[in-house]
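Down below is the structure, laid out as structure tokens.
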Amino acid sequence: EYEEHPIQSIMNQNINGDGNTQIGGEDVTAAIGEGAMAAKGDIHVHKHGIDPIEYAQALAEKQILEDKLTKLEQETNGDRKEQIAREATELAEEMLKNKSIEFDAWKLIELGGAAELAGQLERAEGYCRQAKRKFLTDYDRKGEAASLNCLGRIAITRGDLAEAERLYRESLAI
């Protein structure tokens with residue numbers, strides 16, 4: 001999940017053409033013509049002037065990332081799982097860099113696990129530390145413990161058993 005800027009919802013928006021063709025029905029919404037845009041359901045307009053095309057692309061990338069993380073969870077083949085994890089973390093980094101998207105703390109924990117699986121330990125640690133900061137800010141003790149567990153797994157992967165034990169003990173104390 002990513003956190004969006006405040007948006008304004010327009011319910012049951014009617015669309016009228018400027019020479020464009022609109023098709024609307026119970027299961028289908030479409031707009032055809034230069035600069036046409038179609039949306040099914042409620043239409044959300046960002047107050048911050050975000051280009052609708054960029055917003056649509058960001059939503060599509062978010063869905064692709066969600067699909068990759070779901071596949072990662074379901075995959076049983078180790079090599080394939082590592083490849084999916086690498087793809088997911090690369091997409092997440094691209095989304096962060098290009099779109100200024102901010103993931104929520106739980107998604108950062110999930111991305112930390114994916115990065116760890118892909119062998120990207122610095123990136124994994126970064127995600128887990130970001131999650132911990134967010135959980136601390138929100139006074140979310142359960143989330144704080146989860147982020148400490150995430151960091152503990154990374155310490156074990158690095159072979160730093162003393163640090164892993166310290167992190168796990170801190171997590172258990174919560």
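The values are calculated or read from the model by the stated rules, or taken from the named source; none is laboratory data. Not measured: the values here are computed from a predicted model. Ideal geometry is used to build each Cβ from the backbone, glycine not excepted, and the neighbour counts take in all protein chains shown. Each accessible area value is taken on the protein alone, full model and side chains, heavy atoms only, with ligands, DNA and RNA left out. Shrake-Rupley method; radii C 1.70, N 1.55, O 1.52, S 1.80 Å.
Brief remarks on what is shown
- Per-peptide packing, taken as the mean over residues of other Cβ atoms within 10 Å, places 73-83, 143-153, 158-168, 87-97 in the sequence 143-153, 87-97, 158-168, 73-83 from highest down.
- For the stretch 140-153, the Karplus equation 6.51 cos²θ - 1.76 cosθ + 1.60, evaluated at θ = phi - 60°, returns couplings of 9, 5, 4, x, 4, 5, 4, 5, 5, 4, 4, 5, x, 4 Hz by residue, with Gly and Pro reported as x.
- Largest accessible area first, the residues LEU172, LEU108 order themselves as LEU172, LEU108 under a 1.4 Å probe with ligands, DNA and RNA left out.
- Pair-distance profile P(r), taking every C-alpha pair of the stretch 120-174, with 10 angstrom steps and integer %: 29, 54, 17, 0
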